[in-house]
1. Can you tell me the FRET efficiency between Ile83 and Trp473 if r is taken as the Cβ-Cβ distance and R0 is 22 Å, rounded to the nearest 0.05?
2. Mind ranking 351-360, 288-297, 28-37 by how tightly packed they are, going by the mean number of other C-beta atoms within 10 angstrom, highest first?
3. Starting from the Cα of Lys350, step 7 Å along the direction of its Cβ; do the same at Val279; then give the gap between the two resulting points in nm.
4. Would you work out the charge dipole size for the chain about its Cα centre, treating the Cβ of every Lys and Arg as +1 and the Cβ of every Asp and Glu as -1, and quote it to the nearest 20 debye?
5. For mean projected area of the Cα convex hull in nm², pick the label among (i) 29.5; (ii) 32.2; (iii) 23.0 that corresponds to the value derived from the coordinates.
6. So what is the relative contact order for the chain, in percent, with contacts set as C-alpha pairs under 8 Å and at least six apart?
7. For labels at Ser300 and Ile455 in the simple 7 Å Cα→Cβ model, what's the distance in nm?
8. Restricting to DSSP H runs of at least four residues, report the calculated mean residue ellipticity at 222 nm for the chain, -39500 (n - 2.57) per run over all residues, nearest 500 deg cm²/dmol.
Amino acid sequence: MDYNQVKDQFMSDNAGEAVKTINNLSFIAINSFILYSILIKRFKLPIITSSLVLFTGIFLATTLLNNWITTLNVILLATTSIITLIFPVKLPQKSSKSSSHRHTNSVTTGDFDNGTSWKSQPPSPLPQHSQDNIQLSLKSYITNYRSYLLYLTLLSILAVDFPIFPRKLAKTESFGTSFMDLGVGSFTFALGVVDAKYHILKSYNMRKVLPLIALAIIRLIAVSLSDYPQHSSEYGTHWNFFCTLAMLPLLTKPLTIINQHTDIQFSWMAVLIGGSFQVLLSCTSLQEWTLHAPRDDVLSHNKEGIVSMVGYLCIYLFGLDIGLYSLPQDPYAYFRKRLTKKVAKDKRDKLLIILASFSILYWSLYGGARFFNLEVSRRMANLPYILWTVAFNTSFLTLFLLIDLVNFKTPSRQAVAVPGILQAINNNGLALFLIANVFTGIINLSIETIYSSTITSTMILAVYLSTLLYVAWVSRSSRLLRL
């Protein structure tokens, strides 16, 4: 049998695993960051040490020690507890008035890095047509949340090609839940969170989609010319994730106009669109066509990518709404259409309550969908998949905010709230994603990955991840790819 056929079988028919198991695995990232937050208040951590603290646990949990996830979580929490008890916290240095002012000051037109990182620039008023009293400030917990998602994505896109990566973590075929099923949905949600900045400032440039369209075309040509093994049931024959990313701003544009002229929030639109989409899947032949129709024309060749576009749009809209609460200093600032008084007070405690409430709501809605026997399908991005992805990511973001409030509440501690390596990943997320795809292609064309031994797989993945982290670190002060 041809290797490409064997590889396709290797990737096919995965049933996934339970949501609670996926959540348990994800807590490795949370507990690793808690350990970092405890250590950084007591010791100076070199970049290599902080990287090992932040990433070793999740690497082991998705490869060699996947059957020991609960044990890993216990070890991380126990280590954190022991360090907390044995080593006293160093008293924070007294913050100057100016540093405190910088922490709470308005940042409106500085160089935003996807909504979470700014270069220092003096604040200036927003354009007259925008809500010129809304203040935006650096959000360390968003940077940490987004960077961890990016790292998990970078890890998974190559690891899935090796037997060291458990098949239950790989993407499911048609229905079910798995660790990798969350990947593209989480990426889309995080994109919505940071893109909320453009809706607050009313400054989104539609030309930003052109590089994404170019990347989609380049990837299609590269895959076709190299005969790269591709699982067609993921997006289709020609469609890829860059196509999905490019379509999101275009589909969101008319909804943005509605949002700006009415009180209809993006999340309400997402519920309406997602609910209607599920009705179409359940009550028409759309689901049957998506899963079983032969690929005999351009539309059917790309049916998964086209149909799932609706679900990813809904996830993106939910992310936008969370971003509109999270990015301003006051969580309700964007929704007060006639705000007249500037808000300088940090209200992360209020935001924590809001995000926690949304987390409970979305998990409840997901539970309701499952109660009515609606199965999760990443392949179609149906309503249960939308709700699961949104519930998970809102909860994940809430936990990072909670850590931020507990361990980095003061301005002096905010200076170390974002580990340098996570900031570096955040600064060039899309570029790293591109580089990772290139590395993945080269490695898969060079060796038959599914036959690799445990030692070989581990070494290749370790070198691959170390290289990506090195690229991120040395390029942390520049933008490798601008959109």
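Every number in this text was worked out from the coordinates using simple rules, so none of it is lab data. All of these numbers come straight from a predicted model, not from anything done at the bench. Don't worry about glycine lacking a Cβ; one is built from the backbone with ideal geometry, like all the others, and counts go over all protein chains shown.
1. Values: r = 25 Å, r/R0 = 1.15.
Approximately 0.30, to the nearest 0.05.
2. Ranked by mean Cβ neighbours within 10 Å, highest first: 28-37, 351-360, 288-297.
3. It works out to 3.7 nm between the two label points.
4. 2500
5. (iii)
6. Once divided by the residue count of the chain, the mean separation gives 23 percent.
7. 5.0
8. My calculation for the chain gives -21000 deg cm²/dmol from helical runs alone.
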